[in-house]
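We did not get these values from a lab; they are worked out from the coordinates using the rules stated. Small disclaimer: the values here were computed from a predicted structure and weren't measured. Using ideal geometry, Cβ is built from the backbone for each residue, glycine included, and neighbour counts are taken over all protein chains shown.
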Amino acid sequence: MTVCAIEMTTTTAFTIAADGSYAARLAGEGDALYAERWTLAGPEAYAVPLPLAQPEEADSEVLPLADGRVLIHRRVAERHAFALLYPTGAEAGPSTGELQLGGVEAQEGVRVRLLPPCPAAAGAFALAAEDTVTTVWQVTGGPSGPRPVARIPGRCSGGVWLDRAGRLLALDRELEGITKAVAVDLGSGGVSPLLQITEDSDDRLLLADPDSGLLLIRSDAPGTARLGWGVLGSSLPVRFPECLARLGDARPFAVQPGQSLMPETCGVALRLPEGDIGLWRPADRRVFRLTAPTGWLGGSGLWSAQGRLHLPYATPEVPCGMVGLNLPLSPPPPVTPVAPEPATPTAPRPVPLQQAPLAGR
């Protein structure tokens, strides 16, 4: 399942693990906040609260891991501290265990935040961005405590995984006032261009599907910032459909997986500016609009390979719920699959996308 999250709600972010097995958020109200883990792999979703003696701060981040533990990132004094939370079956009743992982020194002007869940068992990662350099930290899965695994010149934002192995990470890097998406090899620390639509355009990567190679992009190459799509490793240009241009600041949050080498057939879920949901795929020329469920934890969801979109919601009556939607699209006309160019056997790298034909757009 392809999943995406990290969208701020009224109090916190709701994040789904890369394999769709668990999710996590900060629950509670006011000053009484605590981590909460959702189990999604069973027949019905259910939540497990993970409170500690002291409530969590509203700016803490939580990230679910595939083994059921929840990584939490807190600002503690002059450090960014990381810990793992997990439920325990103490004799007095359920309680929360906590394993401290260490931290990263807090520096003025440096923003530290968790990256989206890694699709492999390589651990969890954080991004520390300052004006001239950005560091990727491996927080879990390493030999001992957080450790830097890559340093990228420039200030980076975003964060999209490009492969199932959790080695290639796309970041939006700002250099000399221009933002371009780059690919970072966490194994070697190397950095290579990913999006190069025009020389002076801001080209950001919003979402990627490793199965098909589909990339969802926002770029101002057409004159204004617009949503577009391309294919990882392809020499074909980025396309900017008119149906997406009419959506305004829509944000893709999930891509249908399992469409190997067929990016045109991948369903894409978008959060629309008014809070509703848009469903689209590159082979179509329209976007289907659906009303979001009451209590939707906006900007998060997971899409099964069978084409069903699952959205988390929480209401006073149903504090932990998932609603499923089918892709209401007719089969597309026959298309020729767009296959990524063969990767080299020794060091596969993303190939920069070529300049898009912008005339008449």
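General remarks:
- Nearest-0.05 FRET efficiency for residue 196 and residue 151, computed from C-beta distance (R0 22 Å): 0.50
- Tail beyond 18 Å, pair distance distribution of the range 150-215 (Cα, percent): 31 percent
- Relative counts (whole %) of C-alpha pair distances in the range 54-133, using bins that are 5 Å wide: 3, 13, 22, 24, 17, 12, 6, 2, 1, 0, 0
- Relative to its Kirkwood radius, the Cα radius of gyration of the chain gives an Rg/Rh of 0.96.
- Pairs of Cα atoms nearer than 8 Å and 6+ residues apart set the relative contact order; for the chain it is 13 percent.
- Label sites at residue 57 and residue 98, each approximated as a point 7 angstrom past Cα along Cα to Cβ, lie 1.4 nm apart.
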